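Structure first, then comments.
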């Protein structure tokens, strides 16, 4: 781990705006969005963090500022140290933005497409930013906190099939559910996994059904 | 007899021919239901004759929203979902997930629990590589390899069933331990399996290793350079096949892997044949680890007894003692109590580094859980390496990458 600690010390010398990030395992830093590319490039070229393990994002729920954080996990194939770099997304909730790291690591291509698909984060400079897990034309970003667990009724991806069969993608049939547990320290009644939204129960129809 | 046949101008003929045989590219869609794509993967390809000029993998047909589901249930409830990531090695997934949450909770598990986990993970590695080997052989036309490897995998599944109660979706680990201790005499049966497996493995591999047809199909095909492999974030045998010696069991040991002796096989060229050789050698090394684990199998507890807010007490205590009843009730209703924080843990799974990035705000439910699946990263290099290869080599390439769509799409 000392290689990562040294890396952070020299990184802070070069970029004064880099701050420590709370972490339970590997060293982690917060980086302002504008310096993200420069910091990652310095880590790759000067500190030998050559393998980009993962790119992902966190949604801190509506009203949080910043609402979205992009997270990068780097690994060094020579010193076997790991480091986590996080940066807040700029822009409004509809189109949060961070610069793309595809020019540094071509392997970031699919990770960024996934983060765009799931959270709607725009990676500026990405060569081919389209959905990857959901189909093209899907209207929602499912990992955002306001998206319900059961899903939302939408049209089928194939328009011809949809016209012929009149079928739709429907929300999951969760009788009496969804039995959702809540994150955070709270009392038993609040934390218990139970149907919180009564509009989803057997007594009344699901939204949009 | 007069003829009215006129010889056309040769230049005009050549121009016409060029137009007629202009290199027109064909687009071909392979999958999502195709025997060579190993699951629901679709390749949208552009062909110039037999040679690929473009390849765009379409993934997501098996997307189940595991990360969304994880945000809505307690940590223990998510264990069965990890079975369904790389469903050829559920025991290894279970272990990776359990260790990630334990790191977040700063919880140490006893040596016996670690040994059980290492043992099951290595057995899962053998079973996953056997399946990968069989399917790869099938892809290049060697039927008998699949039959041999499925036979051996069956022996392993019998052992898994005896240990976990399930052959396929084991859900064996718990946060802070495993679901039950090993049965009486089970270790002996594991060694008996190893004894008959080692010669059987050599026999199976001998069907391919020096096989001229197999070598013609794989040597020099689908070369991934060392620089590309690292730049695209490849892990596991696919990265090692390209000559990068990176094995998290060696480089960042977890669950007591530092106690065991094993070698990390590394390829030299990075072609399909090297990746095959790496997997074959990894199975031998896994058997070596299994023997070492069994030889020094530690006694003691098989779950963390002090983790009162995380690991449920034994069933007989729950039914007879008030305090344990309350403890169990709290764990079931509120989930294991994990402190706030962030953790990213990668385990060396059969397909590569399976990572769990967990963001917790405290309590029994993760705020965000990202699953970094090795198959997803390994497939992302396809558009790069497929260009310029023959159509029939794509099948070989897919077999050699050895991916699982359940893990790729999550």
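The numbers here are math on the coordinates, done by the rules we state, and not lab data. What you are looking at is a predicted structure, and each value in this text was computed from that prediction instead of being measured. So basically every Cβ, Gly included, is an ideal-geometry build from the backbone, and we count neighbours across all protein chains shown.
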What is the gain in length, in nm to one decimal, between residue B:158 and residue B:322 on full extension, counting 0.36 nm per residue of separation less the C-alpha to C-alpha distance?
-> 55.2 nm
Number of partner chain Cβ atoms within 10 Å, mean per residue of A:74-87 = 3
Quick calc: nm separation of the 7 Å Cα→Cβ label points for residue A:156 and residue B:50 -> 3.9
Would you mind calculating the relative contact order of the stretch B:149-301 from Cα pairs under 8 angstrom and at least 6 residues apart, reporting the percent as a whole number?
-> 20
What's the center-to-center distance, using Cα atoms, between the stretch B:182-197 and the stretch A:84-114 in Å?
-> 49
Per q in 0.11, 0.18, 0.21 1/Å, what log10 I(q)/I(0) does a Debye calculation on the alpha-carbon atoms of the stretch B:279-410 return?
-> -0.71, -1.10, -1.17
Between residue B:387 and residue B:333, the FRET efficiency computed from the C-beta separation at R0 = 51 Å comes out, to the nearest 0.05, as 0.40
From DSSP H assignment alone, runs of 4+ in chain B each adding -39500 (n - 2.57), the sum over residues rounded to the nearest 500 puts [θ] at 222 nm at -15000 deg cm²/dmol
Take every DSSP beta bridge whose two residues both sit in the stretch A:1-128, then give the antiparallel share in percent to the nearest 5.
-> 75
Sticking to Cα atoms, compute the Rg of the stretch A:80-138 to one decimal and its Dmax as the biggest Cα-Cα distance, whole number, in Å.
-> 12.1, 41
Nearest-ten-degree value, helix B:186-206 long axis tilted from longest Cα axis of chain B | 10
Contact order normalised by residue count of the stretch B:260-397, Cα under 8 Å, 6+ apart, percent = 13
Length-normalised contact order for chain B - Cα pairs under 8 Å, 6+ apart - percent = 25
May I ask you to compute the full-extension gain from residue B:268 to residue B:200, defined as 0.36 nm times their residue separation minus their alpha-carbon distance, rounded to one decimal in nm?
-> 21.8 nm
With the Cα gyration tensor of the stretch B:91-199 in hand, convert its eigenvalues to equivalent ellipsoid semi-axes via √(5λ) and list them largest first in whole Å.
-> 28, 17, 11
Report, in degrees rounded to the nearest 10, the 0 to 90 angle that the Cα long axis of helix B:272-295 makes with the longest principal axis of chain B.
-> 10
With labels modelled as points extended 7 Å from the Cα through the Cβ direction, what inter-label distance (nm, one decimal) is found for residue A:45 paired with residue A:14?
-> 0.8
Could you calculate, for the protein assembly as shown, the ratio of the Cα radius of gyration to the Kirkwood radius, expressed as Rg to Rh?
-> 1.01
Give the distance, in whole Å, between the Cα centre of the stretch B:229-248 and the Cα centre of the stretch B:115-160.
-> 22
Efficiency of FRET from Cβ geometry, residue B:223 and residue B:26, R₀ 25 Å, rounded to 0.05 | 0.50
The Cα extents of chain B along the principal axes, largest first and rounded to whole Å, are 116, 47, 35
Given the peptides A:44-52, B:74-82, B:340-348, arrange them by the average over their residues of other C-beta atoms within 10 Å, most packed first.
-> B:340-348, B:74-82, A:44-52
Averaged over peptide B:249-255, how many Cβ atoms belonging to another chain are found within 10 Å of each residue's Cβ?
-> 2
If we sort B:397-409, B:88-100 on the protection proxy, mean other Cβ atoms within 10 Å, highest first, what's the order?
-> B:88-100, B:397-409
Peptide A:48-54 - average C-beta neighbours from other chains (10 Å radius) | 6
Sites residue A:165 and residue B:169, calculated FRET efficiency, Cβ-Cβ separation with R0 45 Å, nearest 0.05 = 0.85
Name all residues of the stretch B:377-404 having a backbone nitrogen under 20 Å from the label point set 7 Å from the Cα of residue B:143 along its Cα→Cβ direction, giving them as ranges.
-> B:396
